[in-house]
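A short write-up of the structure that comes next.
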Amino acid sequence: MLEQLLIFTRGGLILWTCKELGNALKGSPIDTLIRSCLLEERSGAASYNYDAPGASYTLKWTFHNELGLVFVAVYQRILHLLYVDDLLALVRREFSEIYDPKMTVYNDFDETFRQLRMEAEARAEELKKSKQMVKPVNNSRKQGQAQKAGFDKGNKKREGSSAAGGGDDNDEGKGRKLENGNSNGKNFEIDEPRMTAAVNGKENTSSNFSAFDVSKLQKRTKGGKKTDTVVNKGSKVDPKKKVTKKNRVWDDAPPETKLDFTDPVDGNGNEKMEVVPASQGESMMDVEEIISSDSGGEEDDNVQKDSKPEATKKGWFSSMFQSIAGKANLEKGDLEPALKALKDRLMTKNVAEEIAEKLCESVAASLEGKKLASFTRVSSTVQAAMEEALVRILTPRRSIDILRDVHAAKEQRKPYVVVFVGVNGVGKSTNLAKVAYWLLQHNVSVMMAACDTFRSGAVEQLRTHACRLQIPIFEKGYEKDPAIVAKEAIQEATRNGSDVVLVDTAGRMQDNEPLMRALSKLIYLNNPDLVLFVGEALVGNDAVDQLSKFNQKLADLSTSSTPRLIDGILLTKFDTIDDKVGAALSMVYISGAPVMFVGCGQSYTDLKKLHVKSIVKTLLK
C-alpha cells in the first residue's frame, strides 16, 4: 500500500499531498531524502531506503526540471509495489498541465490522482498476470532443451565408449595406432586424438591403446630428482674458498664502536632530540590560497572537442539555428555525448568509476526536460551543471571550525578529543603531529595518546614527535587495550588541564574484523568529539571501499543504538598526485564527511585546508 505521495517545488514549497492516503509517516523520510540524496547529487539513483524505528520505507521520485517540481512516493519496503514508477510518470504528466506558479493549493487534483492510481494498479495487475502466463511455457521449453541436451550427451558417451572399446571404424583404429607409435612404416604423427582426449579428460583404460606408460613417467621423475641433487651438490661452494673482507687497520687505535651517525647522541649515549618550537614557521592552514579566475573557456572547449563526433551528425545550419533560438527541451540523447566526455575526464583525475557514473546520472536527471537558453551549447550547460554539483558536494554541510569547538569544550572544562583512524601506512602519526603543531600555534595545549599498541615502533614514533614539539604524551606500551589507554589519557588530560587530546590508533584494513571491533569499542567507550579518517590522495576506486566499509563496520559492531561514524577526512600525500585530485571527491561523496585537513609535505607546517574552487577547477580542467 502506498503510504504517501507529495509534490513540492525545488525551493521546498509543498504544493499537494494525497489526503486520501493520510498515513502518518514514522520519522522524517522526506527530509532525509532531500538532505542525503537530492542535495548530495545522488538523484540519479532509482530509489532510496529509509529505516525508522518500527518502519522501513522505500522512496521513489521524479523531476519536472522545466517547472522545477519534485514528485515523491513513499511506501513500505516489504511490499515491492510495481506500479509506483508508472504512477509517478502519470502524476507528473497530469500535474504539469494544471500547474500555475501563482497557485499554492491544488485541491481539485485529488480526484485526478484517484483515477491515475486505479489506472496504474490495473496496469500492474495485467502485467503480473501476463508474466504468470508466460512462465510455464518458458519452463517447459527449458525442460525440453535440458532433455535434448541429456540425450545428446548420452549419445556422445555411447560413441566414446564404443570407440574406446575398439569399434569397427578402421580409420579410428589407424589413428590410435599412429598415436601409440605403431605407424606401419609411415613417419608422421596425428595430434588430433591426443587433443580430444586431453579436453574430454577421459583415460583410456585399454592396455593396448594407453596414452602413456605410468612406469616410464615414474622413472623420468626419479631421474629428474637425481639430476637435481647432482646439480645442488655441484653448486655448493667450498668453505675454504670463501673470502671475507676485513677492515683495513691504519694504526693501533681501537675500532669505532658506533658507525651510524644519523642520530646525534650525548656523552651518556642518549639521543639529542631537535626541538621544533611552535614559532618556527606558520602552518599552511592559516595561509590563504590565491586561485586564478581564468577557468571558463578552456574547459568548455575541451568538452566540445570530446563530444565532436556526435555533434557532427547535425547540419551546420540546424546547429546554428538551434544555438540562436534555443532548444525546446533537453533530452537524454542530447546530454549523453557531453556527459560521457565529463565522465572520462573525471576518471582520468582519479575519481572512482562508480562515483563518476552516479554524478553524471544525477546531472542528467537535473537537466533532462529543461529548456536550453539562447546562444548556449549543450556542452557548456552540462559543464556548468557539473561544476555546481561538484561545489555543492565538496562544500561542508556543517561547521568545521575546530578552534571554536575547542574553546567551547574548554569552557565546559573538558578536553576536546580527536581520534585518528585509517588503513595501514597512510601517515596517521605524522599528520597527527602536524595537527598538534597547528594547534600549538593557536595557543592550545595538546596531549598525545599512544593508542597504537599493535605495531612495533608506533609508541616510539609518537614519542619522538612529542619530544620535538615539547608536548606531553600518554603511553602504556604495547599489547594493551587501546580503548582503556584512550580513556586513561582523557582522564589524565582532564586532571592536567590539557585542551585537546589527539588519539593515535593502529592502522587496520577495512576487512579486519577484530581490529575494527577494537576501534568501535574505543569510539563507543570514549565518545570523542571528532573522528578523523586519514586517507591517501593516491587511492582511486579503493577510496570508496575503504570509507564505506569503515562506516559500515563502525555501525554494525557498535553496541550503541546511535553509532558514531566518521566525522571528517584528513587527506595525506597531496603533494604527490599533481592534478589527480579525484580521491577527495570520491571520499566526500561516499561518506558525506568533509575534508578538514590536507597533508602536503614532510614538515610540521605542511598542513592546509581544502580549497573547493581549486579542486573543482582541477577536476574539470
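The values are calculated or read from the model by the stated rules, or taken from the named source; none is laboratory data. It should be emphasised that the depicted structure is a prediction, and the values quoted were computed from it without experimental measurement. FYI the Cβ positions are ideal-geometry reconstructions off the backbone, even for glycines, and counts take in every protein chain you see. We work out accessible area using only protein heavy atoms, side chains counted, and drop any ligands, DNA or RNA first. Shrake-Rupley method; radii C 1.70, N 1.55, O 1.52, S 1.80 Å.
Sparse packing (at most 12 other Cβ atoms within 10 Å of the Cβ) combined with a DSSP loop state is found for the following trypsin sites (Lys or Arg not before Pro) in region 61-120: Lys102.
Cross-linked pairs Lys480/Lys521; Lys60/Lys343; Lys358/Lys428: Cα-Cα separations exceed 21 Å for Lys60/Lys343; Lys358/Lys428.
Evaluating kT/(6 pi eta Rh) at 10 °C and 1.306 mPa s, with the Kirkwood radius of region 330-394 over Cα pairs in the Stokes-Einstein relation, gives 133 µm² s⁻¹. Ranking Tyr524, Tyr50, Tyr589 from most to least accessible surface, computed with a 1.4 Å probe over the protein chains only, gives Tyr524, Tyr50, Tyr589.
The Cα atoms of region 486-621 give a gyration tensor whose axes a ≥ b ≥ c have a/c of 1.5 or more with a/b no greater than b/c, which makes the shape oblate. Fully extending the segment from Glu282 to Arg495, taken as 0.36 nm per residue of separation minus the present Cα-Cα distance, adds 73.7 nm.
Ligands, DNA and RNA aside, Ile78 has an accessible area near 140 Å² when probed at 1.4 Å.
Over all other residues within a Cβ to Cβ distance under 9 Å of Ser283, the charged ones net out to -1, with Lys and Arg as +1 and Asp and Glu as -1. Heavy-atom accessible surface of region 560-621, averaged per residue, reaches 35 Å², computed with a 1.4 Å probe.
Loop-located trypsin sites (Lys or Arg not before Pro) in region 354-419 (DSSP state other than H, G, I, E, B) with a sparse environment of at most 10 neighbouring Cβ atoms within 10 Å: Arg398, Arg413. The GluC sites (Glu not before Pro) found in region 425-526 that occupy coil by DSSP, while having at most 13 further C-beta atoms within 10 Å, are Glu479. Every Cα-Cα pair in region 566-621 was counted, and those over 17 Å apart are 35% of them. The stretch between Ala373 and Ser548 holds 59.0 nm of extra length on full extension. This uses 0.36 nm per residue minus the Cα-Cα distance.
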